[in-house]
Amino acid sequence: MKHIGTKLFLGFISMTILTIAVIWIIQAGFMNNVYLDQRIHSVQDDISRAAKSGETDYDALAENMNVSLIAADDDGNIVYRSQGLPMMKRMLLAASDMIPEEADGEPQYFTNLSGKIRYAIIGAETKDGSYLFAVFSVADLDEASQLLYQQLWIVTIVLILLSVLLAIFLSGRMSRPIHAVTRAARDLAAGKLDVRLPVKTHDEIGQMTEALNDLSIELGHTESLRHELIANVSHELRAPLAVIQGYAETVRDVSWPNEEKRTEQLNIIADEASRLTRVVKDILDYSRLQAGVEHLNLQSFPVCPVLRELQKQYDLEAGLHKVTIQMDCPDIDVIFDRDRFVQVIHNLLNNAINHAQPDSTVKISAERQKGICRIAVINQGETIPAESLPKIWERYFRADRIGTGRLLGTGLGLAIVKSIFDQHGVRYGVASENGTTVFWFETAQKAIA
């Protein structure tokens with residue numbers, strides 16, 4: 001039995017057979033005798049009570065007890081018998097024979113000539129020494145027993161039919177989602193990562209289906225990360241590696257005796273290695289963000305200390321570019337992923353400094369508005385062409401804004417910033433006109449208690 005549907009089907013059928021067997025044992029083995037015993041005990045109690053009370057209204061007593069009565073004096077002479085007494089001669093003789101030893105309340109049974117109807121006689125001694133006998137038929141109990149057996153057979157057949165149909169339905173209903181999960185797992189193993197199964201229940205099978213869907217999503221993220229990483233690495237690392245290799249071969253084969261040229265070329269190699277490090281970091285950050293494997297840690301924090309710390313970090317870099325950083329920040333608590341916030345400001349500041357004109361000022365501002373905080377990084381430099389603004393957030397797009405044709409940065413900084421903004425679901429944008437470029441975004445403020 002390899003199929004779970006077959007196992008479930010046989011399990012349901014086995015449970016039904018066990019239930020039917022228990023019903024037969026209880027009804028046929030116990031209840032049949034219970035009905036007879038109840039009738040016997042009922043007549044025994046009634047005849048004993050009548051004997052002790054000395055009641056002589058035998059007709060009324062017989063009607064109340066639903067039996068036929070025989071009364072005998074202390075010498076055994078019959079003094080009363082009910083009209084329509086069944087098997088009259090035999091019952092009168094039996095009553096006489098039971099006096100006095102067997103008139104003790106225990107029943108004796110007799111069968112008519114046809115052998116189909118049984119009667120019981122129960123005797124009891126009255127308080128004046130006479131005897132009272134109750135005669136009643138147990139045929140109705142036998143008929144009830146036969147009817148019970150017939151009903152049991154009908155119930156058994158109906159239960160078996162219903163159990164087979166129910167077992168087929170339930171085994172199929174329970175095994176289908178398991179088969180679907182099995183097929184989906186095999187599809188995942190085969191590389192089909194877009195598998196999604198409908199979750200129709202909230203039981204263990206539904207939870208297993210949800211877990212498989214979650215696994216499919218995570219595998220999809222991992223695969224997306226792999227593709228992004230491969231694409232980004234192949235695209236972005238080729239150039240600096242080629243430069244490093246070319247200058248290293250030049251130093252080795254040509255310029256190593258010339259200290260001035262060797263130093264210049266080694267500096268180029270070092271600069272390209274540093275740029276390569278930045279590229280690798282940006283590639284990893286962007287690929288993880290695009291693949292959705294980075295999870296947000298939203299928290300409330302004061303924005304000004306973070307901006308001041310970043311300003312200090314970039315003061316030296318800004319000085320090398322003959323640029324001054326100015327900050328305008330009131331006391332505001334914002335709700336954002338703190339690490340991602342730092343990464344955003346890093347990229348925007350680095351971008352602003354790289355493209356700012358010498359002897360200009362890069363401004364960082366945080367402005368409190370209705371329920372939000374608007375943060376902007378502003379620099380003075382070449383105006384970004386209007387046709388380039390929609391593309392500024394794309395990866396590897398680097399606008400020539402300094403008139404020299406030199407493209408700065410890794411081409412991933414603003415793409416990383418956009419991914420972070422999209423992940424947080426905040427508004428953001430860029431504007432550039434008359435030599436002033438503004439990158440801005442909005443984030444929620446912490447509610448004031």
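Every number in this text was worked out from the coordinates using simple rules, so none of it is lab data. All figures in this text were calculated on a predicted structure; none of them were measured in a lab. Glycine also receives a Cβ, built like all others from the backbone with ideal geometry; neighbour counts cover every protein chain displayed.
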Problem set entry | In order through the stretch 370-376: 3J(HN,Hα) via Karplus (6.51 cos²θ - 1.76 cosθ + 1.60), integer Hz, x for Gly, Pro | 5, x, 9, 10, 9, 10, 9
For this session: Could you line up V22, V334, V135 from fewest to most neighbouring Cβ atoms inside 10 Å?
Result: V22, V334, V135
For this session: Report ³J(HN,Hα) in whole Hz for each residue of the stretch 166-171, in order, from the Karplus equation J = 6.51 cos²θ - 1.76 cosθ + 1.60 where θ = phi - 60°; Gly and Pro get x.
Result: 5, 5, 4, 5, 5, 5
Problem set entry | Which listed pairs, of K312/K363; K370/K446; K312/K370; K261/K322, have C-alpha distances above 21 Å, in listed order | K312/K370; K261/K322
Problem set entry | Placed amide H near V426: partners under 5 Å, 5+ positions off or other chain | none
Exercise. Length gain on complete extension for the stretch N66 to K281, per 0.36 nm per residue less the alpha carbon to alpha carbon distance?
Worked result: 67.2 nm
Exercise. Which of the peptides 378-384, 172-178 is most tightly packed, and how do the rest follow, going by the mean number of other Cβ atoms within 10 Å of each residue?
Worked result: 378-384, 172-178
Seminar exercise, completed: Diffing the stretch 49-66: the Karplus 3J(HN,Hα) column from phi (6.51, -1.76, 1.60, θ = phi - 60°), in whole Hz with x for Gly and Pro, holds 5, 5, 5, 6, 7, x, 5, 10, 7, 5, 5, 5, 5, 4, 5, 5, 8, 6
Exercise. With each pseudo-label sitting 7 Å past Cα toward Cβ, what's the T56-E317 distance in nm, one decimal?
Worked result: 12.8 nm
